[in-house]
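Bear in mind these aren't lab numbers, they're just calculated from the coordinates by the rules spelled out. All of these numbers come straight from a predicted model, not from anything done at the bench. Methodologically, a virtual Cβ is constructed for each residue, glycine included, from the backbone with ideal geometry; neighbour enumeration extends over all protein chains shown.
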Amino acid sequence: MSVVCSVAAPRADQTPAHVAIIMDGNGRWAKSRGLPRYEGHRRGLEAVRRTVRSAIEHDVRYLTIYSFSSENWRRPPDEVAMLMGLLKRFIRNDLADLHKNGVRVRIIGERDNLAGDIAALLTEAESLTKDNPGLTLIVAFNYGARREIVAAARRLAVDVREGRVDVNAIGEDDFAARLDTADLPDPDLIIRTSGEMRLSNFLLWQAAYAELVFLPILWPDFDDTAFVSALQQYAARERRFGAVPEPAVVMSAS
């Protein structure tokens, strides 16, 4: 899975461990070319494949893609059906290749009330790849950050009620441990395509200290050059996590 880079990637010590992407612009890409929305989503799936290859090439350890939000069910039924079909096709056609390349697949989001065939495919993808040592590909499917936070609060409330947790001792780690991403690191970098500048209910808790990069290109045009551009922007930033940066030490000759 080699990738030819047209832009130099940052050094390994400047590369984010976890990159999350809001893949936006499939419909606009298709509309601007006089094509049906389906073609935009199909080309978007090709961009997902390119992005997985780029993440592996550039030693990113975790890649989260926002594939289908809990709000996307409001779209026209024929478009929802089309998106479900593309998801099934991706898992059926690409799972073996992902597994061969050592990719571990994780799914976050609600699974209640999903169609049986979709739920089974999600479980199969996780089960087959659970021991793989390479890139962890996290697919946010039927995912909404506010729902995730509410669900975590409910779990914590139950644990308090049943005496497993002392309410006065609850800390951030206790809450984070009840999120869908409990065993995953927070994203270092969040990329959004299409020029929109918002998180759209994506990883709201986990994004507290993430660097945000907004790219003007539409998702089907996202490629390795765009990925490296975002990595370069990340590498150029100073991450302080609320602290004051250490002053530079000037050595003088004596």
Output the Kirkwood hydrodynamic radius of the range 21-169, Cα pairs only, in Å rounded to one decimal. 17.0 Å
Using the Cα centre of the chain as origin and beta-carbon charges of +1 (Lys, Arg) and -1 (Asp, Glu), tell me which of Trp205, Val165, Asn101 is placed farthest towards the positive end of the dipole. Asn101
Computed over the chain, the convex hull of the Cα set has an average projected area, in nm², of 18.5 nm²
On the formula 1/(1 + (r/R0)^6), with r taken between the Cβ atoms of Gln232 and Val80 and R0 of 51 Å, the FRET efficiency rounded to 0.05 is 0.90
For the range 94-173, what is Rg from Cα atoms divided by 2.2 N^0.38 Å, rounded to two decimals? 1.41
Relative contact order (percent, whole number), the chain, Cα cutoff 8 Å, 6+ residue spacing: 30 percent
Pairwise centroid distance, computed over Cα atoms, of the range 148-204 with the range 45-87, Å: 22 Å
In sequence order, calculated HN-Hα J values of the range 163-171 (Karplus, 6.51, -1.76, 1.60; Hz; x Gly/Pro): x, 7, 9, 7, 4, 6, 9, 5, x
Counting only residues 5 or more apart in sequence or on a different chain, those whose built amide H sits under 5 Å from that of Ile138 are Leu63, Thr64, Ile65, Arg106
Kindly write out, for the range 125-141 in residue order, the coupling ³J(HN,Hα) from the Karplus curve 6.51 cos²θ - 1.76 cosθ + 1.60 (θ = phi - 60°), rounded to whole Hz, with x marking Gly and Pro. 4, 5, 5, 5, 9, 4, 9, 6, x, x, 3, 9, 9, 9, 9, 8, 10
Search the structure for amide H atoms under 5 Å from the amide H of Ile22, placed 1.01 Å from N in the peptide plane, and list their residues when 5 or more places away or on another chain. Ile191, Arg192, Thr193
For the range 17-77, state the average projected area of the convex hull of the C-alpha atoms over all orientations, rounded to one decimal in nm². 4.8 nm²
Given +1 on the Cβ of Lys and Arg, -1 on the Cβ of Asp and Glu, and no further charges, what dipole in debye does the chain carry about its Cα centre, rounded to the nearest 20? 720 debye
Given a cut-off of 18 Å, what percent of all Cα-Cα pairs of the range 133-194 lie beyond it? 48 percent
Could you run the Karplus curve 6.51 cos²θ - 1.76 cosθ + 1.60 with θ = phi - 60° over the range 233-239 and give me ³J(HN,Hα) per residue in whole Hz, x for Gly and Pro? 4, 4, 5, 7, 8, 9, 8
Length added when fully stretched, Ala177-Arg49, from 0.36 nm per residue minus Cα-Cα: 43.0 nm
Please report the net charge: other residues with Cβ closer than 10 Å to the Cβ of Gly144, K and R +1, D and E -1. -1
